[in-house]
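These notes are about the structure you will find just below.
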Amino acid sequence: MNFFPGGPMSFRSVFVAVTISFALILGAFLINRARPRVETEQPTADFVRASGKCAECHARLQYSVVHEYEMSAHAKHGVNCLDCHQPAKEQQSEDHHGFVISKHLTAGNCRSCHEGIYQEFLRSRHAAPSWAAIYGEKGLTPEQVSFSEQFQPGGTKRPPHPFVTAEGGAAMKSGCEQCHSVGKPNDDGTIGTCTACHSRHTSSVALARLPSTCAQCHMGPDHSQIEIYDESKHGVMFAAQEHLLKLDADPRTLTTRDMFVPTCATCHMSGINGLKVTHDPSDRLSWYLANAVSEKRPNYLRAQANMKQVCEQCHTPAMIDRVYTQAEDVVANTNARVLAAKAIVDGLHKDGIVTGPPFSNPIDFTYFDLWHYDGRTSKHGAFMGGADFVQWHGNYGLLQKTVQLQHDAAELRRAHGSH
């Protein structure tokens, strides 16, 4: 029976209308999905004006800036360009195509949302002590020095390194500063820059978790952490299984299901399986391994317990204790060798056989290389699972340079006695 004979509401007409409507809606959805995210995911008028206007220019001039921003967590959470680029307290501003922005971004811009993280960073050796390792207290305020010294004794209240004078400003600017500026004092009263690890526009936790990010600075003969990591079982497994790891997992909920192979960040900063996240990489370090003669840190017991908690997410306590015991034996052995070498050089200075400022005699370099390269490497290798670095890049060099020092000291004394 046809209730609507020949009428507009026949079943066929209704079916055709519904089909066409569905096709139009689906088509609109597909077209909208193909639009750039910068057009479709902007919740407010201010966001549209700020990010849309910025993207309009920068997509033509510096496309990578827009592309990286679109991939960032900031974009996903509605943080627009002006939220980061607006002048923070004490920052100089400039007019930029109708927008007032900061002339130079610093940690001061990041801290407006990440104050707790910034305060942890301030307590670390990545902050003021990193800068002071080159220039000493220069550029730091007394308040900044005093604050840092509470947490990193002797790390900031120090003179400039002798290399600043010996090698000159150009070497410092293009060399040492490129890494140590992570703790550079800024004109706005803040210290450092977060983009050293997270990059400027991706602001990426995944990038900060990559060993290669840390390797920008933690490499080479004086702090060969990346070379040691790459040799270690951790590094070998990471190279094989990186594509299976969830490097962008939320730090607050990170588990060993996301990161079942550790990177630098896993051990030194991450809060895996409910453990505390920290932006002070020294929070879990129990020794001053970078020093010529290593001493226990003031927080030795707490720091060691914190690091062992991280290790226990993958390893048994017996294995962890064995690694620590062996590594601390290497520290003691290295300390003894460095002290013996130091006694040789100090004796030459005391007796007036070697004179002049630091690094004005060949023997100064031999001693420096002994502790700064070989000594550090042997200690880091022991804690990080790099056997070749404990031996051939570490203790072998310690032995070789000790013999060299003994020989050179005897020659200097002989020459001095002949005058």
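The values are calculated or read from the model by the stated rules, or taken from the named source; none is laboratory data. Since we're looking at a predicted model, the values are computed, not measured. Here Cβ is always computed from backbone atoms with ideal geometry, including for glycine, and neighbour counts include all displayed protein chains. Accessible surface areas use protein heavy atoms only, side chains included; no ligands, DNA or RNA. Shrake-Rupley method; radii C 1.70, N 1.55, O 1.52, S 1.80 Å.
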Subset of segment 216-256 that is acidic (Asp, Glu) and either touching a strand residue (DSSP E or B) at 6+ places or on another chain (Cβ under 8 Å) or open to solvent by 50 Å² or more (accessible area, probe 1.4 Å) (or both) - its residue that is farthest from VAL66 (Cα to Cα): GLU231
Considering only residues that are closer than 30 Å to ASN361 by Cβ, surrounded by fewer than 17 Cβ atoms within 10 Å (Cβ to Cβ) and either within 25 Å of the chain's Cα centre (by Cα) or at pLDDT below 95 (or both), which ones fall in segment 291-337? ASN291, VAL293, GLU295
Does any residue of segment 329-346 turn out to be in contact with an Asp or Glu (Cβ under 6 Å, 6 or more places away or on another chain) and small (Gly, Ala, Ser)? no
State all residues of segment 79-100 that are touching a residue at least 12 places away in the same chain (Cβ under 8 Å), more than 27 Å from the chain's Cα centre (by Cα) and not in a loop (DSSP other than H, G, I, E, B); if no residue qualifies, say none. PHE99, VAL100
For residues that are of a type in the set (Ser, Thr, Tyr) and outside any helix (DSSP H, G or I), scanning just segment 338-370, find the one that is least open to solvent (accessible area, probe 1.4 Å). SER360
Touching an Asp or Glu at 6+ places or on another chain (Cβ under 8 Å), farther than 21 Å from ASN291 by Cα and buried (at least 19 other Cβ atoms within 10 Å of the Cβ): does that describe THR213? no
Working only within segment 247-267, note down all residues that are farther than 19 Å from CYS311 by Cα and either among the β-branched types (Val, Ile, Thr) or out of contact with any helix residue (DSSP H, G or I) (no Cβ under 6 Å at 6 or more places or on another chain) (or both). ALA249, ASP250
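Can you find a residue in segment 136-145 that is among the hydrophobic types (A, V, I, L, M, F, W, C) and open to solvent by 30 Å² or more (accessible area, probe 1.4 Å)?
no
Quick check on this structure: which one of LYS76, LYS103 is without any contact (Cβ under 8 Å) to a residue 40 or more places away in the chain and under 18 Å from ALA55 (Cα atoms)?
Going through LYS76, LYS103 in turn, just one is without any contact (Cβ under 8 Å) to a residue 40 or more places away in the chain and under 18 Å from ALA55 (Cα atoms): LYS76.
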